[in-house]
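Everything below concerns the one structure shown next.
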Amino acid sequence: MTHQTVGHPAQLGLPDDPRATVTEPSPSCPVEIALDALRGRWTTLVIRELLHGERSFTDLRQALPALSDKVLSDRLAHLTEVGVLDRHRQPGWPPRTHYRLTPHGHRLGPVLQALWDWGAGR
């Protein structure tokens with residue numbers, strides 16, 4: 001496929017998008033946005049757990065016992081802020097907070113699989 005304004009064939013792995021021709025990282029770059037969402041150790045494991053369905057903070061703590069409460073809280077807050085998770089607090093005592101992937105967050109499943117496949121192919 002040839003881009004009409006560039007006049008050369010598109011290369012495999014390179015998007016046919018003007019944002020792909022920047023000369024320095026840009027916060028509006030879709031790859032930078034995805035990498036920012038996945039930043040931090042444990043983030044991919046938190047997402048993996050939520051790909052199985054809605055989980056409470058306690059569920060996630062039990063599934064990832066080596067993960068500290070502070071880091072788990074940080075990852076959940078970040079993923080909620082960037083639109084990967086929805087956070088639902090249930091009234092009552094003690095209050096229970098549940099997390100679930102947004103539709104946008106569910107789209108990270110194939111991304112994580114592609115990263116796994118690439119890493120396993122070394």
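Scanning the stretch 40-72 for residues that are closer than 15 Å to GLY105 by Cβ, of a type outside the set (Ser, Thr, Tyr) and without any contact (Cβ under 8 Å) to a residue 40 or more places away in the chain gives LEU45, VAL46, GLU49, HIS52, LEU60. Which of the residues that make up the stretch 59-76 are under 11 Å from VAL46 (Cβ atoms) and aliphatic (A, V, I, L, M)? If the condition is that a residue be under 11 Å from VAL46 (Cβ atoms) and aliphatic (A, V, I, L, M), then LEU60, ALA63, LEU64, LEU67, VAL71, LEU72, LEU76 are the ones that fit. In the set ASP36, ASP69, only one residue is at pLDDT 95 or above and among the acidic types (Asp, Glu); that residue is ASP69.
For every residue, the table says whether it meets (1) surrounded by 15 or more Cβ atoms within 10 Å (Cβ to Cβ); (2) among the β-branched types (Val, Ile, Thr).
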{"site": "ARG39", "(1), (2)": "no, no"}
{"site": "VAL71", "(1), (2)": "yes, yes"}
{"site": "THR80", "(1), (2)": "yes, yes"}
{"site": "VAL84", "(1), (2)": "yes, yes"}
{"site": "PRO94", "(1), (2)": "no, no"}
{"site": "TYR99", "(1), (2)": "yes, no"}
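The set of residues in the stretch 80-109 that are more than 15 Å from SER56 (Cβ to Cβ) and either in a helix (DSSP H, G or I) or hydroxyl-bearing (Ser, Thr, Tyr) (or both) comprises GLU81, THR102, PRO103, HIS104, GLY105, HIS106, LEU108, GLY109.
The values are calculated or read from the model by the stated rules, or taken from the named source; none is laboratory data. What you are looking at is a predicted structure, and each value in this text was computed from that prediction instead of being measured. A quick note on method: Cβ atoms are made from the backbone with ideal geometry, for glycine too, and the neighbour counts reach across all protein chains shown.
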